[in-house]
Amino acid sequence: MQDDAANSWEARADASAFYGFTDLPSVHQRGAVVLSHGDGPYVVDVHGRRFLDANSGLWNMVAGFSHAGLAEAARVQYNRLPGYHAFFGRLSDQTVLLNEKLIEVSPFDRGRVFYTNSGSEANDTMVKMLWFLSGAEGQPQRRKFISRNNAYHGVTAVSASLTGKPYNSVFGLPLPGFLHLTCPHYWREGRPGETEEQFTARMATELEDMIEREGADTIAAFFAEPVMGAGGAIPPSKGYFQAITPILRKYGIPLIADEVICGFGRTGGVWGCETYDFMPDAIISSKNLTAGYFPMGAIILGPDLSDRLQDAAEAIEEFPHGFTASGHPVGSAIALKAIEVILEGESGNAPLIDNVRAMTPKFEAGMARLAEHPNIGEWRGKGLMGALEAVKDKATKTPFDGALSVSERIANTCTDHGLICRPLGQSVVLCPPFIITDAQMDEMFEKLEAALKQVFAEVA
């Protein structure tokens, strides 16, 4: 097929795709990037251009794009049992094994697992579980949820309502009863002269004030990412979870850890709640659960919620909720293999989480070096996830004019240099695959530095 401009892959993509979360002016100007295959941490487009993907696909391709063991796990299971559901008490053996493995690697001594097809659906399902539980326990008024500004919990109507992003206003969201606190980003949200400890105390006071104002008996749960991912790789302020957890316990409000991005090693711990030393009541998992090789989400219920939800379901003989592909046998087999690869080590190889821990100091040093630039206000992150915040004025933290689209320009320039990273607000986010090597990390920072110099020379 002739690859002229009118019939190019880019033109065909633009004619047929309705893009989500995509800067449309950039696509119209530059065209889409149409990929054909992957090779380790690299993706290759239809023209043979190679890109080091420092975004791990969408945080999730942590074992890279050509992991033979994960592909083989899928092949074997497709030949054994290519699909099934988890309704009516029928589910695959792989799903049972995955249930047991998830509880084993969770911080809970026991619990139960419910599967979805994504993190968005898992958060949505968690909300329905808690509404179901409130009604079953004679507290139908307990329907409100607390999250934080700049949080990201998904794109369904309910999970988008948990999400504290202003763009959801175009859908008329959030729904009533979804409440948002200040983002715990000390660098941006701290007041003049306020120490980080004082900021954390203010965040805790704000939470308790909201609970008392709304009524503790109307609040079903508090949702939090250990590190805010799509908010721009924002770690919590010092002592944040130690300050808010006792307040939630005081008022009997469950703490739901959205570990869609942080879970399975991204922060250096198995879970973000492990990294930040707090115990949630339930964990939401996706992305790294299958290393991106299958769309899957999971709710891991801790002992208290597990027991209470089981009692509520038995009272009406079922939990009337589920998805056709919940607990998919191929997804379960891949997830079991991904957990082995990430946490245990496969075929004599070290677990990938060891490489996360080994590469984190080099990652932090590279980010800190780039943050010395006068147009980088801060670098922040944890483990192998981090962000550089672009500013017009470093001393005052003044951002660039939004019309300049600085982070988008940096990301586009990185693409021109063969590097994929993600623009988020005024930040550029990096979350490289767990398989990244020393040489590849050097390549990542060299290409990013070249892009920063080019763009800041144009706009500063």
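From the set of residues in segment 414-430 that are of a type in the set (S, T, N, Q) and buried (at least 20 other Cβ atoms within 10 Å of the Cβ), which is nearest to the chain's Cα centre (by Cα)? This residue is Ser427.
Within segment 401-460, being under 16 Å from Val27 (Cα atoms), out of contact with any Leu (no Cβ under 8 Å at 6 or more places or on another chain) and of a type in the set (Gly, Ala, Ser) holds for Ser405, Ala411. Look at (1) touching a strand residue (DSSP E or B) at 6+ places or on another chain (Cβ under 6 Å); (2) farther than 24 Å from Arg80 by Cβ and you find that Val127 fails only one, number (1).
Note on segment 267-300: residues that are out of contact with any helix residue (DSSP H, G or I) (no Cβ under 6 Å at 6 or more places or on another chain), farther than 18 Å from Pro226 by Cβ and not in a loop (DSSP other than H, G, I, E, B) total 0. Just one of (1) touching a residue at least 60 places away in the same chain (Cβ under 8 Å); (2) outside any helix (DSSP H, G or I); (3) over 18 Å from Ile436 (Cβ atoms) fails for Glu408. It is (2). Residue-level analysis places Ala32 among those that are among the small types (Gly, Ala, Ser) and either in the same structural domain as Ile436 (by TED's automatic domain parsing) or part of a loop (DSSP other than H, G, I, E, B) (or both).
The lone criterion from (1) of a type in the set (S, T, N, Q); (2) within 30 Å of Val455 (Cβ to Cβ); (3) surrounded by 18 or more Cβ atoms within 10 Å (Cβ to Cβ) left unmet by Ser332 is number (2). With respect to (1) farther than 17 Å from Asn55 by Cβ; (2) in contact (Cβ under 8 Å) with a residue 40 or more places away in the chain; (3) in a helix (DSSP H, G or I), the lone exception for Phe400 is condition (3).
Of the residues that sit in segment 310-333 and are part of a helix (DSSP H, G or I) and touching a Leu at 6+ places or on another chain (Cβ under 6 Å), which one is nearest to Leu133 (Cα to Cα)? Before you say what the answer is, go through the steps one by one.
Step one: filter segment 310-333 for residues part of a helix (DSSP H, G or I), giving 310-316, 329-333.
Among the residues that remain, those that are also touching a Leu at 6+ places or on another chain (Cβ under 6 Å) are: 312, 329, 332.
Values: Ala312: 6, Pro329: 28, Ser332: 27 Å.
Top of the filtered list is Ala312.
Check every one of the helices (runs of 4 or more DSSP H) wholly within segment 142-239 and list those with 1 or more residues that are buried (at least 23 other Cβ atoms within 10 Å of the Cβ), in the same structural domain as Thr275 (by TED's automatic domain parsing) and in contact with an Asp or Glu (Cβ under 7 Å, 6 or more places away or on another chain). So that I can check it myself, show each step before the final result.
Values: elements: 157-162, 186-189, 196-214.
Passing ranges, in order: 157-162, 186-189.
Inspect segment 33-55 for any residue being within 30 Å of Gly302 (Cα to Cα) and out of contact with any His (no Cβ under 9 Å at 6 or more places or on another chain) and give the result as yes or no. No, there is no match, as no residue in segment 33-55 is within 30 Å of Gly302 (Cα to Cα) and out of contact with any His (no Cβ under 9 Å at 6 or more places or on another chain).
The values are calculated or read from the model by the stated rules, or taken from the named source; none is laboratory data. Not measured: the values here are computed from a predicted model. Here the Cβ is made from the backbone with ideal geometry for all residues, glycine too, and neighbour counts use every protein chain on show.
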